[in-house]
Amino acid sequence: MKLSTSGLGQQQGHEGEKKCLNSELWHACAGPLVSLPTVGSRVVYFPQGHSEQVAATTNKEVDGHIPNYPSLPPQLICQLHNVTMHADVETDEVYAQMTLQPLTPQEQKDTFLPVELGIPSKQPTNYFCKTLTASDTSTHGGLEVPRRAAEIVFPPLDFSQQPPAQELIARDLHDVEWKFRHIFRV
């Protein structure tokens with residue numbers, strides 16, 4: 001059981017598996033209102049809702065066939081064994097993949113003590129978002145960042161240099177490296 005914190009984007013690996021996103025990057029893209037349950041916790045799984053979500057995300061018609069499992073209860077109490085964070089290659093939409101194990105009726109009655117209490121959020125505390133434009137990535141243009149964001153997020157500039165500058169390297173959701181030159185301008 002692990003919560004991946006690798007710095008890799010969702011790329012196909014040598015064996016064809018999806019690699020996990022860095023947790024802070026995933027949470028920054030998901031937004032501040034999204035939180036994931038911790039590994040080892042109990043969660044409620046809704047099979048019908050899952051079927052409907054799969055049908056919607058695979059572009060099946062609403063009136064199309066959505067699997068129905070009449071012998072399956074409407075909700076299952078499960079234990080969370082694994083969480084991996086990914087981003088869709090085409091849309092950049094972030095999603096989490098979870099491995100669940102249904103609990104037996106006896107396990108549901110057992111006293112539950114969470115494995116880890118008070119796990120700090122993986123939501124980064126200092127970040128800003130900016131949609132890059134063509135001028136941001138060209139050699140002639142410059143990436144304009146609000147001064148306050150630059151002071152909070154970027155490493156401090158060495159003001160003994162003229163002009164104060166540094167190279168910043170960022171990785172996007174797909175593990176593509178972007179290089180920027182951070183220059184202080186008045």
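A compact table of results
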quantity	calculated
Added length on full extension, which subtracts the Cα-Cα distance from 0.36 nm per residue, residue 82 to residue 161	23.7 nm
Solvent exposure, largest accessible area first (probe 1.4 Å, DNA, RNA and ligands not counted), of 89, 83	89, 83
Two-site FRET efficiency, residue 108 against residue 58, from Cβ-Cβ distance with R₀ of 35 Å, rounded to 0.05	0.65
Extension reserve of the residue 90-residue 128 stretch, reckoned as 0.36 nm per residue once the Cα distance is removed	11.4 nm
In order through segment 84-97: 3J(HN,Hα) via Karplus (6.51 cos²θ - 1.76 cosθ + 1.60), integer Hz, x for Gly, Pro	10, 10, 9, 9, 5, 5, 8, 10, 6, 5, 8, 8, 10, 10
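The values are calculated or read from the model by the stated rules, or taken from the named source; none is laboratory data. Predicted model, so just to flag it, every value in this text is computed and none were measured. No Cβ is skipped: glycine too gets one built from the backbone with ideal geometry, and neighbour counts run over all protein chains shown. Heavy atoms of the whole protein, side chains included, go into the accessibility calculation; ligands, DNA and RNA do not. Shrake-Rupley method; radii C 1.70, N 1.55, O 1.52, S 1.80 Å.
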